[in-house]
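To start, the structure under review is shown below, and the notes come after it.
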Amino acid sequence: MTVPPSDSSLVADLRSALGDALVHTDRLELALYGRDASLIRGEVAAVCFPTDTAGVQACVRIARSHGRAFVPRGSGTGLAGGAVPQGRPVMIVTTRMDRLLEVDVEDRIAWVEPGIINLDLSRRLRPMGFHFAPDPSSQQSCSVGGNVANNSGGPHCLASGVTSAHVLALEVVLPSGEVTVLGGVDADPAGLDLRGIFVGSEGTLGIVTKAAVRITANPPDVRTLLADFVSPGDAAAAVSAIIAAGVVPAAIEMMDQRITQAVEEYVHAGYPTDAGAVLLVEVDGLPDGVAAQADVVSRVCLEHSARSVRVAADEVERLLLWKGRKTAFGAIARIKPNYYLHDTVVPRTRLLEVITKIYEIAERYDLIIMNVFHAGDGNLHPLIVFDAREPGVLERVHDAGGEIVRVSLAAGGVLSGEHGIGLEKRPYMRWQFTDADLDAQARVRDAFDPDGLSNPGKVLPEGSRCGDIAALSAHARDQLIGEGVWV
Amino acid sequence: MASALLRFADEVGATGPVAVEGGRTHWDVGGVPSRGTRLVKAPAGVLAVEPAEMTVRALAGTTVVDVRAALAEVGQEISLDVTEPGATLGGALALGWSSPRRLALGPVRDAVLQLRYVSADGVVITAGGPTVKNVAGFDLCRLLVGSLGTLGLFGEVILRTRPLPAASRWLSGEGDPFALRAALFTPSALLWDGQTTWCLLQGDPADVDAQSRVARTHGVDTEVAGPPPLPAHRLSRRASQLRDLDEPVGTFVAEVGVGTVHVAQAPPPVALDPVVADLHDALRTRLDPSGRLNPGRDPARR
């Protein structure tokens, strides 16, 4: 495949820095790396696979010298279009930087490269008695660098917090091309918490090349319960009642009837397919506390009309129940080929009200909406399933999604609990934040990336700042998809 | 938005050097405001205790003691253990000083869900969001906590709360705190002054009993009311560096497993990496171009 003339000197420079083998420009790969797990596509000039910090730095410097943007990319499992290229940038893929560099059991720190797969890290820590706490459903394929970029969550973030709580220090290549370390492995690194602002910045402040993550001791005891409810309302009320009873489980997941049926057909975990909703609750810690908490959870569920509460008898059963939850997204592919997912968070006490409204929205737009979500922290994942080939369906899906966001925000919620804003949720940012709020965020972005070269066009809506678009060539500007376009 | 917050923004205004006066319990940490800096007070009051959400919303001038008292009524607490009666929520967050129970609670910035602050332009800005989970936009809250009020003046905050532990026990003895750290699953605090170890165990009563037996086998065996008072300043070290603190720090109490060392003397300023120092300058230039917020204070000297 010939490189277009507008990209040829850029590609030549990248090749001379990294070697031909690590700079790909063939058509298939350019198309592949033009998208992530969202429905959006973009165009990329070259896909680079640096193997170390110096390689990443070279990519950034070369992109800069050509006035071209660059986009950091891990495994591409992001659901909001955060890694979808805008303005024909250089794609910097971290999958070949996947080493576990050092584990310090005494200080409970692991230094990793950004491309290491989340679940691989936990697997390798297991013999030492530790794990990496963030556990997104995509943990079999998502990278720790991607977790840092998105401040990723997962079912077990209810008790242990999202990624930011588990990242101590980051070696980064800044948009200027300089390399530095943000944060540190001491108790309270001096100065402003630059690590904290970098986590969750979705690749707009630079690229992580190494991360020091907190490793968490595996709990001595764990118990997983499956509660079966006739009504989703009772299940939602039970969630609030568990928390109000003073128990903070490691995880509380809720699945509605449609998703439970889909999952059961897919993994055969013994989920009750006639239940209106199920709660998957896990408690962990020291044995007496675990037993006491499991009793409270069980009692509260039964008081809220659960038909039954089943406790996983062994590790095999426990893992099977979790497999059901974590493969929910695979299971729905059997119903319709496409899905569109929102990620709003609402106060726990308003879960029932909001999910009721979401089902009403589904009915009004003649769409199938399923719910499988982190009920314990009010993080909804309403999943609109559809067939994109059906005429007019995309508009309905888009409008229904907008209404879901509106009802969530009206209930005192926020736009995203763990998937991030990316491209897809950007137009909604003005629904949550004032112009002054967005201006403050844009100034922070500017401080790190005054030229707007690092993953431009993400997170902040257009007009929050002026640098975003100015950095792109006129040609590139034409490639930018319009505000509100999400497919 | 609370009218108290808007009045606070008016008081801060948009011109002239200004700093917030809290309880003055840690006034000189990171430097004192330059001469001629106007002092204002943040509004006070607990606005909402939400036990089922496990959150509390309070104005930044509220004392930590008052917030803890309001939460105790519903059996909950926050991850701030400041005990000085006048210390305010806003002051504690501006310093970003985590509780000595950090092994169990995590650093204090992890508990901050939403911060409303007055910018250098005198405008109220909302950072973060009211829910227990939120990744919408940049995480300004974490940047602001520990900034000593140099990026914005805190007006109102929403914090994550947690249930008060069912049982709580301090043990003390001459045992090796590092061996004890490795032996216990989650002590809430593990303090050491070079000779004596203090260990706080919290949780289910039977678990606390079982963990106490482990502590006793490590020579930390006497039940005590609590640890000694902690010296006013802090050094930041890597946890394992506490084993051989070779620098002359004088009397100290160290947080084993964390790396914080409480000392009597203000530590010397830490030299930032030049690239990091440039980022500090770039942030201050953009968020407070005239340098009017807490002039004279430096987060690198916290």
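Structure notes:
- Over the stretch B:62-180: Rg over Rh, Cα atoms, Kirkwood Rh: 1.02
- For chain B, the 222 nm mean residue ellipticity estimated from helices alone, with every DSSP H stretch of n ≥ 4 adding -39500 (n - 2.57) and the total spread over all residues, rounds to -6500 deg cm²/dmol.
- Axis angle, to the nearest 10 degrees, between helix B:205-217 and the longest C-alpha principal axis of chain B: 60 degrees.
- Part-to-part distance (alpha-carbon centres) for the stretch A:66-109 and the stretch A:265-295, which is given in Å: 34 Å
- All alpha carbon pair distances within the stretch A:300-446 were sorted into 5 Å bins beginning at 0; the resulting P(r) in whole percents reads 2, 8, 15, 18, 18, 15, 11, 7, 4, 2, 1.
- Alpha-carbon spread of the stretch B:1-144, three principal axes, descending order, Å: 43, 32, 26
- Convex hull volume of the C-alpha atoms in chain A, normalised per residue: 146 Å³.
- Spatial separation of Cα centroids for the stretch B:72-117 and the stretch B:185-215, in angstrom: 21 Å
- Here the stretch A:390-428 and the stretch A:172-241 have alpha carbon centers that stand 23 Å from each other.
- Computed log₁₀ I(q)/I(0) - Debye formula, equal Cα scatterers, no solvent, the stretch A:1-87, q 0.13, 0.21, 0.26 Å⁻¹: -0.39, -1.04, -1.44
- Counting every pair of alpha carbons in the stretch A:200-343, the share spaced more than 18 Å apart comes to 61 percent.
- Neighbour-count ranking [beta-carbon atoms within 10 angstrom, fewest first] of A:GLU403, B:GLU77, B:GLU174: B:GLU174, A:GLU403, B:GLU77
- Residues A:VAL296 and A:SER141, FRET efficiency given R0 of 41 Å [Cβ-Cβ distance, rounded to 0.05]: 0.70
- Per-residue Cβ neighbour counts within 10 Å put B:TRP192, B:TRP170 in the sequence B:TRP170, B:TRP192, beginning with the fewest.
- Rg/Rh ratio calculated on Cα atoms of the stretch A:88-139 (Kirkwood radius): 1.06
- Proxy reagent accessibility, fewest Cβ within 10 Å first, across B:SER79, A:SER143: B:SER79, A:SER143
- Relative contact order (%) - criterion: Cα under 8 Å, at least six apart; region: the stretch A:68-156: 26 percent
- Number of partner chain Cβ atoms within 10 Å, mean per residue of A:431-441: 5
Rule-based calculations on the coordinates, nothing more; no lab input. Predicted model only: the values in this text are computed from it and were never measured. Please note: Cβ atoms are built from the backbone with ideal geometry, for glycine as well, and neighbour counts cover all protein chains shown.
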